[in-house]
Amino acid sequence: MPVKKQKRISPALRDIHYNELLESLPNLAIQPWGATEAHNNHLPYGSDYLQAEAISCRAAEKANLLGARSVVLPPVPYGNNAQQLDQISTIHISTTTALAILRDVSFSLKRQGIDKLLLVNTHGGNNFIPLIRDLILETGMLIVLVNIHEMIPEFVAENFEKHGDHAGELETSMMLYLTPELVNMEDAGSGKRIPFKIKGLSKKGVWTPRPWRASHPDLGSGDPSLASFEKGEKYVSRIIEELSEVILELSLAKKGDLPYI
């Protein structure tokens, strides 16, 4: 007697067959987006997009079990790294390139009847807000942005001493939980930052990008020495919980439910 094939629960498009999509048509697409860049000396170049994909898939699976119909697209592995091109094999894409990718993804989905798109971003150099404004006007889609590292600031403040913003305590803890085999803690630098000599540029409301290697000699920002698997598990689990709620509500939303109009 033939064994009945177990129904797939993975939300990752790379794992799904066409007939499985036809059985349960997705109404929400999730686009993980990261970067390819050096992360101090102890984390891999793919840290950002590995995080984006893993968190998106786990949150989507949780939401789908509760009734969402979401699908996770392959991650975009490149981001805006204009100030890091002196680092070997760091790949930079311009804002116009990011817009072109996002436009083509949006138009493809809209043509297939999927008019809700959720971007899950893990790279601080990516700025999608003006792109999303333009593409909502062009496509009529509902496009939503989640910047993972801005979701639970109070939780971060309570659970991380020196979290940093690039390969520091927080991001290293995430990777120790998600992909411990790719973390080489014995190679980690201190993640110190050399402050701007022009002090006025550090005032609130004043901004210019950091020339990364000059500002961060070991290419990290934040002390990774306090990182742990346990901290990463706690943080990632909380993020997945928050993100799964967003996915579920977006998928269940009906036309007319603001801002889905």
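Remarks
- Count - residues of region 168-211 that are within 17 Å of the chain's Cα centre (by Cα) and at pLDDT below 95: 0
- Gly140, sole failed condition from (1) farther than 22 Å from Ala52 by Cα; (2) small (Gly, Ala, Ser); (3) touching a Ser or Thr at 6+ places or on another chain (Cβ under 6 Å): (3)
- Region 218-254 - residue that is acidic (Asp, Glu) and in a loop (DSSP other than H, G, I, E, B) and, of those, farthest from Lys162 (Cα to Cα): Asp218
- The residue that is surrounded by the most Cβ atoms within 10 Å (Cβ to Cβ), counting only those in region 37-59 that are among the small types (Gly, Ala, Ser) and in a loop (DSSP other than H, G, I, E, B), is Ala38.
- Qualifying residue in region 101-124 (condition: free of Cβ contacts under 8 Å to residues at least 24 places away in the same chain and within 24 Å of Pro209 (Cβ to Cβ)): no
- A Cβ distance below 6 Å, combined with a sequence gap of six or more or placement on separate chains, defines the contacts here; from region 245-256, residues that are β-branched (Val, Ile, Thr) and buried (at least 21 other Cβ atoms within 10 Å of the Cβ) reach residues that are modelled with pLDDT of 95 or more and not in a helix (DSSP H, G or I) in the pairs Ile247/Ala68; Ile247/Ser70.
- Scanning region 142-166 for residues that are more than 22 Å from Ala38 (Cα to Cα) and touching a residue at least 12 places away in the same chain (Cβ under 8 Å) yields Leu142, Ile143, Val144, Leu145, Val146, Met151, Ile152, Phe155, Val156, Asn159, Phe160, Glu161.
- Filtered by the rule that a residue be over 25 Å from Asn41 (Cβ atoms) and either aliphatic (A, V, I, L, M) or free of Cβ contacts under 8 Å to residues at least 24 places away in the same chain (or both), region 225-240 gives Ser237, Ile239, Ile240.
- Restricted to region 17-36, and to residues there that are without any contact (Cβ under 8 Å) to a residue 60 or more places away in the chain and outside any helix (DSSP H, G or I), the residue that is surrounded by the fewest Cβ atoms within 10 Å (Cβ to Cβ) is His17.
- Test: residue in region 231-238 that is under 22 Å from Gly34 (Cα atoms) and exposed (fewer than 14 other Cβ atoms within 10 Å of the Cβ): yes
- Selection within region 180-228 - of a type in the set (Val, Ile, Thr) and buried (at least 17 other Cβ atoms within 10 Å of the Cβ): Val183
The values are calculated or read from the model by the stated rules, or taken from the named source; none is laboratory data. Here the structure is a predicted model, which is why all the values come from computation and not from measurement. With ideal geometry, Cβ positions are generated from the backbone for all residues, glycine too; neighbour counts draw on all protein chains shown.
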